[in-house]
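Undergrad: Quick one: the structure is below, and I'll ask about it shortly.
The values are calculated or read from the model by the stated rules, or taken from the named source; none is laboratory data. What you see is a predicted model, and the numbers here were worked out from it, not measured in a lab. When we count neighbours, we look across all protein chains shown, and the Cβ atoms used for this are built from the backbone with ideal geometry, even at glycine.
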Amino acid sequence: MEQLSARVLNLSPSRTIAMNQRARKLRESGIDVIDLTVGEPDFPTPEVVREAAKLAIDEGNNFYTPVAGYNDLREAISRKLRRENGLDYPASRVMASAGAKHCLCNALLALVDPGDEVIVPAPHWVSYTELAKLAGGVPVSLPTLASDGYKLLPAALDAAITPRTKALVLCSPSNPTGSVYSAEELAALAAVLERHPRVWVVSDEVYEHIDYTSRPHASLASTLSLRDRTVLVNGVSKAYAMTGWRIGYLAGPEALVKACIDLQGQMTTNASSIAQRAAFAALESGTTLIGGMKEAFRRRRSLVMAGASALPGLALLEPEGAFYVFPDVSSYFGSSLEGRSIGSSDDLAEFLLDEARVAVVPGSAFGDDDCLRISFATADEKLAAALERMGEALRKLG
């Protein structure tokens, strides 16, 4: 449509949301579909968080807040970063937004000029490349290998940086692969970035607490030489089962944070006042609310790994973090059933939805068409039933 901007016409819709909506419509029509698309914990938001929200309503917290969030919330974020990550970000270098995605959008809009390149290791979350495009930038999808644990290697990063490179977006623990970078691996990437002082780091750490390794969480924001060009993004959605509350936060250099505040002031103004009070309660609880959910995810990971490993034709790595498995399903490309051919991850995802009534996300959405993303952020019995249905459907392909 000529009336719409090139900016909008250049965007691709989220296929995670698209598959989720298809599954929802089928369920609403009475069809039994098991939805393994979205990264959304199925647990209730902790009671202490819900009570804080109720109190905020009763106390009349229904007015605009400061654009960057309530001051006490910013102070709570600052304390969290110091207590859990050893990072010193005063409240003036912190802001709250309507979800971590909004923080990422703010950061990239503040950093990227038209034509600037944004390096995104693939497989990657669906929105990184689209947000870079929205800012006028050129996303550079940099493939990683399963044999390397789907982690970006220093030599590959160095080779990808050009005079037009403005930022690297890095996610650890990773969506969709579940890879988790160690401090040593990040130090090797930092050594490359130190040779390129124009390149910023946008570090997405929203899955920080869903980490099955025994290592402390590592962040490029801990590298002193990169502190003045690193934007740390996190939120309460995943760790505290607060996806719908929409509170994320970023921390970074003061000038960059001020720019993001100015941007947000022209877009949403503040995030929800009630949700901010709830997020304050979550962050002040530390990690005391997280352990039970994490152990449930660990159990579900074992269940899915055992079930998926038994399916014919799948090759997969055990995720170190987050709540997804990302199996390679390319062995099915070229197969068919009753005239229906499978030639891509999109074809296979559609086949599984139609034949098995299981909704997953094609790997093409994440920059790797050989794979599917399967979320295990749902009940054990649903996961077991989904794997059984998938196996029955896959065995029909020949």
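Undergrad: Within region 268-280, which residues are more than 22 Å from the chain's Cα centre (by Cα) and among the hydrophobic types (A, V, I, L, M, F, W, C)?
TA: Within region 268-280, just I274 meets the criteria.
Undergrad: Hey, another quick one. For the list (1) surrounded by fewer than 20 Cβ atoms within 10 Å (Cβ to Cβ); (2) hydrophobic (A, V, I, L, M, F, W, C); (3) within 30 Å of R395 (Cβ to Cβ), I need the number of the one condition that A259 fails.
TA: Among (1) surrounded by fewer than 20 Cβ atoms within 10 Å (Cβ to Cβ); (2) hydrophobic (A, V, I, L, M, F, W, C); (3) within 30 Å of R395 (Cβ to Cβ), A259 violates only (3).
Undergrad: While we're looking at this one, here's another question. Take the residues in region 305-331 that are outside any loop (DSSP other than H, G, I, E, B) and touching a Leu at 6+ places or on another chain (Cβ under 6 Å), then tell me which one is modelled with the highest pLDDT.
TA: The selected residue is V325.
Undergrad: Hey, any hits in region 202-218 for a residue that's without any contact (Cβ under 8 Å) to a residue 40 or more places away in the chain, within 20 Å of K80 (Cβ to Cβ) and not in a loop (DSSP other than H, G, I, E, B)?
TA: yes
Undergrad: Which residues, counting only those in region 148-180, are of a type outside the set (G, A, S) and either touching a Lys or Arg at 6+ places or on another chain (Cβ under 6 Å) or part of a helix (DSSP H, G or I) (or both)?
TA: Those that are of a type outside the set (G, A, S) and either touching a Lys or Arg at 6+ places or on another chain (Cβ under 6 Å) or part of a helix (DSSP H, G or I) (or both): D148, P154, L157, D158, P176.
Undergrad: Here is a follow-up. Write out, first by first residue and then by second, each pair whose Cβ atoms fall under 8 Å of each other, whose residues are 6+ apart or on separate chains, and whose first residue, in region 85-110, is touching a residue at least 24 places away in the same chain (Cβ under 8 Å) and not assigned by TED's automatic domain parsing to the domain that holds G265 while the second is crowded, with 23+ Cβ neighbours inside 10 Å and not in a loop (DSSP other than H, G, I, E, B).
TA: none
Undergrad: In region 16-72, which residues are of a type in the set (D, E), under 25 Å from the mean Cα position of the chain (by Cα) and assigned to a loop (DSSP other than H, G, I, E, B)?
TA: E40, D42
Undergrad: Further, regarding this structure: Checking G334 against (1) farther than 30 Å from A56 by Cα; (2) without any contact (Cβ under 8 Å) to a residue 60 or more places away in the chain; (3) in a helix (DSSP H, G or I), which single condition isn't satisfied?
TA: Just one mismatch for G334, condition (3).
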